[in-house]
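The values are calculated or read from the model by the stated rules, or taken from the named source; none is laboratory data. Note that the coordinates shown come from a computational prediction; the quantities given were computed from them, not determined experimentally. In this analysis, Cβ positions are derived from the backbone assuming ideal geometry, glycine residues included, and neighbour counts consider all displayed protein chains. Each accessible area value is taken on the protein alone, full model and side chains, heavy atoms only, with ligands, DNA and RNA left out. Shrake-Rupley method; radii C 1.70, N 1.55, O 1.52, S 1.80 Å.
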Amino acid sequence: MSNTRENMVVRGTASRWPSRPGLWCFALALLLLPAPAWAAVTWKIKITPAHSGLVVWATSSPVASGQLATSGSISFNENAMVDLTFTPNDGFERVAVYKNTTDWTAYLDVNGHYQFGPVGGAHTILAVFAEKTPTGTFGVSFPADPPASLASVYDLTGHYEGVSPTPHQRAYSFDLAQDESGKIMGLGTIAGMPSNQADGKISVAGSVKTQQDEPRASLVSTCTGTRDGEDASCRATASGPVDLQDIGDGLLGAEGEVDYTARVAGVPFQDRDVPVAIPASPDISRAWSVAFTIAKRTIGSPTRPVSKLYGSAELILPNGDHVQFAERPVSYSRRQGYNLTFTRGQNITAGRPDTKSKIMARKMTLTETGDGWEVQGGDLMYWFLGQRGKGRLSDFTQVGR
Amino acid sequence: MAAASGQTGVRAWGGRLGAVVAVTLGLSLVGLLIWSLLGVPPSGRAVRSPSVRERPGGWLGRLVGAGVARHIRGRAEAARLRTSLTDAQVLARFLDHTTPLATRRLDAWRLAARIRTPAAKAALRQALLSGPPALRAVVAEALGHSDWPEAREWLLALLTAPETEVVRGAIRGLALIGDDEVVARLGDLLGSAAAEGVRVEAATRLGEVDSEAAFDALIAGLEVVPEGEVSEAVVQSLGRFPFARTEPAFREMVFGSEYGVETRVNAVEALTESSAAAAPFLFEVAALHADPAIRESAAWALGLNRGTGEWAEGLLELAAAEPDVDVRRRLYESLVNQVDVAADRLLPMVVGEADPDARVAGANAVAAALAGGGTSEASRQRFDAVLVPELLRIAQSGGTLNMRLRAVFALRRAGTAASRAALAVLAGVADPRVAAAAAHGLP
């Protein structure tokens, strides 16, 4: 007969509620068995360096999206699909993306996006960005119509002739040559003046220097000879500003005030602030340009490569000479831009070293354009042909390269 | 007989008088030719310039010289001041704000220096008080040419104007006045906190005031102004004073240990405007200074200083012993301005130069020596055989235009048959600038 206690218990316990042991088994199973489909997964997202980029995310379960501007985390359900897009901030570029220790960079599409999933576990995503370093060639040229604050540098080489604008009009004709130091040599005539030169010319020497942001020429002319049996040797010095202007009748010339002293046959003459307007040689020029080239090179061993920046420059002077400055290490920062100094170049035109020309860019910042970089800000300082100047890079004309 | 001798006497005196007149006119003509190139001086108060003057020999020379200078200055001044306008029209044009500044500037000068009526003074005063900065600067400078006593106070008051341009104009005007008190005020600016442009202007203009006070102000300025553009202007101005007074300062700058290369170069080159007494110092620097950059500047400056001309022997010795090619180049350039250069000694040195710039500079010196005469025929022939072909080649080469023209200059200076033939060839080359320079050397 099965009316045992067990039978009675089974019959007695054949009720609607699970038994206590069953409850414990169920709880244990919940703990041990894999989570059901609605369990949360959390990924850590690290962005380095801080404020260098953005991670845009979207999950399929739950359906959600957002973006992380700094390191953080995202949570979603197991087996969700997770879209991550890694976007650098302005001035930065994407370098690498890691999923835990695995380099995931190559799997990203052209937009820096990858879809992970179905996702099962917790991971750490590391997004590495780096400051963009402008490389390439950036050129500026001296503007045709410069602001008053920008000092001109002139090459006075050329021929000067005219008729003096006085009642006693005398024809003059001079050839001048100016060297890399701004030193001038010349030969010429003034109608009626004697000369000790074989070709009847008067010898001229002098220099051009910058004073108060303005080029100023100083010339000395000498002649020896006699007139009517009397000594008529002369020595005259004159100095004045070099500033091309319209001096009337469609002529470009140097207009300003000159100081002079002269001694003619022992008689001294001198004066200052004499207003003059002398037609300029058509060869006179103040046009020049400079191109800076920055290149990134990888140096060091294959196992320990290091990226370094190198800069070089080419200067085209107002006299047409090309001066090349050799490559040297440079550094860049996003806020400070480039600080570049170039001296002791090689005058390619003359085929000799150039120790007189120097060019410096300070805090040269650049902005990225569609096909490269453009100079945006900073200062430029320049020394050549015996003269100098400084100004903001934004006052110069950008030169496409 | 007596009548005949009397007539002869009269003719003799007439001849002498004619000679004096001819000389005077000749000197006037030459002086005018100088001024015809350089322009016309303004009128107004006496010129104030550094006292680097050389007195003409003899009382007659001084008398004639002063008279000629006054005559020429008066003629030139009249020419510059002459306009087809009446005084009233000049005034009206000056007051017209649409008149270009350059014209208003000249009109301001006319009003201050020549017209000088009460209306002119009032117009200038009004412009000084209420005009735009550029006009105020121009008027301030023009007032320095006037004889109005109050102009001095007006200009002194402008030294504290907020606009640098106006202050600079006031400085230019005050320098024309140039009394000791004014000079002291300008001297105070040198070491002050005023804008650099103001201090440079003060330094520059002090160099144009011929007075002990100006000299002292500049010397004091040298002590307080750090190296830079202001000190550069101070040194340039000191260079215009007689070297006897400035030698201690320049010696310290050039040979002392306090100053950088730029200051030393600037100091040496400032002496191109000093008195002839600076020439021996420049030679000393070119010979002895340890820095070749300084020797180079001194060699160049010696060729321009008013004491140049008699240094041929010394420069040749230096060139023979100088190891730096850039220094030798400037020594050769200085030799162009010397007399009695021994071309026979110079020619082998130049032929032995490997550096093209030094060779061309040396060729110019040799050519100038040949033109000066007293050179052996052998040197002339060697010049024609060795240097002329090279100068011809350089003038046609693709090197710098500066070097090509200097090669042309050497050919022009020499005046030998071969150099003239070379010039004829160059007059037909493709580069119009070289061709023109060569053509200018042909008869």
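Quick notes on this structure:
- Region B:250-336 shape via C-alpha gyration tensor axes, a/c threshold 1.5: oblate
- Counting all C-alpha pairs of region B:191-297, share separated by more than 23 Å (%): 22
- Solvent-accessible surface (1.4 angstrom probe) belonging to residue A:296, in square angstrom, nearest 10: 100
- Put a dot 7 Å past the Cα of residue B:317, heading toward its Cβ, do the same for residue A:111, and the two dots end up 8.6 nm apart.
- Only one residue of B:309, B:356, B:294 has its Cα farthest out toward the positive end of the dipole of region B:240-399, where Lys and Arg carry +1 and Asp and Glu -1 on Cβ, and that residue is B:309.
- Across peptide B:110-121, the mean count of Cβ atoms from other chains lying within 10 Å of each residue's own Cβ comes to 0.
- Here residue B:344 and residue B:258 are evaluated by their C-beta separation; at R0 = 60 Å the FRET efficiency comes out at 0.85.
- Where only alpha carbons of region A:274-346 are counted, the Rg and the Dmax (Å): 19.3, 72
- Region A:67-86-region A:274-349 distance, computed between alpha-carbon centres (Å): 47
- For the pair residue A:90 and residue A:295, a Förster radius of 30 Å applied to the C-beta separation gives a FRET efficiency near 0.85, rounded to the nearest 0.05.
- Cα-projected label distance for residue A:331 with residue A:124, points at 7 Å along beta-carbon direction, nm: 3.0
- Chains A and B together, accessible area buried on both sides, 1.4 angstrom probe, square angstrom: 6800
- More than 17 angstrom apart: percent of Cα pairs within region B:289-415: 52
- Average beta-carbon neighbours from other chains, 10 Å sphere, peptide B:227-237: 1
- Per residue of peptide B:403-414, the mean number of Cβ atoms on other chains within 10 Å of the residue Cβ is 5.
- Ratio of the Cα radius of gyration of region A:323-401 to 2.2 N^0.38 Å, where N counts its residues: 1.19
- Bridging of residue A:390 to lysines at a Cα separation below 26 Å is possible for A:183, A:209, A:356, A:358, A:363, once same-chain residues fewer than 8 apart are set aside.
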